[in-house]
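One structure is given below, encoded as structure tokens.
The values are calculated or read from the model by the stated rules, or taken from the named source; none is laboratory data. In this text, all values refer to a predicted model and were calculated from it rather than measured experimentally. Cβ placement follows ideal geometry from the backbone for every residue including glycine, while neighbour counts extend to all protein chains displayed. We work out accessible area using only protein heavy atoms, side chains counted, and drop any ligands, DNA or RNA first. Shrake-Rupley method; radii C 1.70, N 1.55, O 1.52, S 1.80 Å.
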Amino acid sequence: AHLLQRLHEHDRAIASGRRALTIAVDTGDLGLQVTTNFFLGQIHSGLGDYREAATYFRSIVDALEGDRLHERFGMVALPAAQARSFLAGCLAALGTFAEAVIYAEEAVRIAEAVDHPYSLIDAYLRLGHVYRHQGDVDNAICAYEPSRALSQDANIPVLHINTTFSLGAAYVLSGRVTA
């Protein structure tokens, strides 16, 4: 599903993901359920189907509580944090900002609890996106700044590019630019 998404074969990616999810549920493989739900959520979010995407991200949030909050299931970031971040993005796109902020802040707390740099950088970045989408540029900057600093310190170029771009955009929106 993830590869097909990258190839922009979205219908095939969704079909593949649904088959994988059926297998994961039938076999009781929680790790496969988590990763498959995540990729299906990403696919639907990328297509602008935020309600459908949110259902996949919520299923991860519901499945990963307590001791499971800090399991990675082979993913780069903590799925419990990243699912909340992506869910927050979907909710913000749907205009449900108060709930979006709650999930985005939970993602930050989960990542902070284990000091996982990639997860923390991503959680701050997406919290900033929620605030910026809401029009709250000051709080967006407050989230983007630590995300950018952490991405630079952790030497994660792909996240550093994203955080630098997002912080710069927020500075422009706030009027914090010079000629």
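Right, residue 68: open to solvent by 10 Å² or more (accessible area, probe 1.4 Å), among the basic types (Lys, Arg) and modelled with pLDDT under 95 or not?
Details: open to solvent by 10 Å² or more (accessible area, probe 1.4 Å): yes; among the basic types (Lys, Arg): yes; modelled with pLDDT under 95: yes.
In short, yes.
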Fill in: Number of the condition not met by residue 50 [criteria: (1) closer than 27 Å to residue 112 by Cβ; (2) open to solvent by less than 50 Å² (accessible area, probe 1.4 Å)]
(2)
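What number of residues within the range 27-40 are in contact with a helix residue (DSSP H, G or I) (Cβ under 9 Å, 6 or more places away or on another chain) and among the hydroxyl-bearing types (Ser, Thr, Tyr)?
First, the residues of the range 27-40 that are in contact with a helix residue (DSSP H, G or I) (Cβ under 9 Å, 6 or more places away or on another chain): 29-40.
From what is left, the residues that are among the hydroxyl-bearing types (Ser, Thr, Tyr) are 35-36.
Counting residues in the range 27-40 that are in contact with a helix residue (DSSP H, G or I) (Cβ under 9 Å, 6 or more places away or on another chain) and among the hydroxyl-bearing types (Ser, Thr, Tyr) gives 2.
Residues that are among the aliphatic types (A, V, I, L, M), touching a Phe, Trp or Tyr at 6+ places or on another chain (Cβ under 9 Å) and within 26 Å of residue 140 (Cα to Cα): does the range 33-42 have at least one? Write out each step before concluding.
Initially, the range 33-42 is screened for residues among the aliphatic types (A, V, I, L, M), giving 34, 40.
Filter once more, keeping what is touching a Phe, Trp or Tyr at 6+ places or on another chain (Cβ under 9 Å): 34, 40.
Okay, now just the ones that are also within 26 Å of residue 140 (Cα to Cα), so none.
Within the range 33-42, not a single residue is among the aliphatic types (A, V, I, L, M), touching a Phe, Trp or Tyr at 6+ places or on another chain (Cβ under 9 Å) and within 26 Å of residue 140 (Cα to Cα).
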Worksheet item: Could you give every pair whose Cβ atoms fall below 7 Å, whose first residue belongs to the range 150-179 and is farther than 18 Å from residue 123 by Cα and open to solvent by 80 Å² or more (accessible area, probe 1.4 Å), and whose second residue is of a type in the set (Val, Ile, Thr) and modelled with pLDDT of 95 or more, counting only separations of at least 6 or pairs across chains?
Response: 173/137
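Yes/no matrix, rows are residues, columns are (1) basic (Lys, Arg); (2) buried (at least 17 other Cβ atoms within 10 Å of the Cβ); (3) in contact (Cβ under 8 Å) with a residue 40 or more places away in the chain; (4) touching a helix residue (DSSP H, G or I) at 6+ places or on another chain (Cβ under 9 Å):
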site: 5; (1), (2), (3), (4): no, yes, yes, yes
site: 14; (1), (2), (3), (4): no, yes, no, yes
site: 21; (1), (2), (3), (4): no, yes, no, yes
site: 25; (1), (2), (3), (4): no, no, no, yes
site: 42; (1), (2), (3), (4): no, yes, yes, yes
site: 45; (1), (2), (3), (4): no, yes, yes, yes
site: 54; (1), (2), (3), (4): no, yes, yes, yes
site: 59; (1), (2), (3), (4): no, yes, no, yes
site: 64; (1), (2), (3), (4): no, yes, no, yes
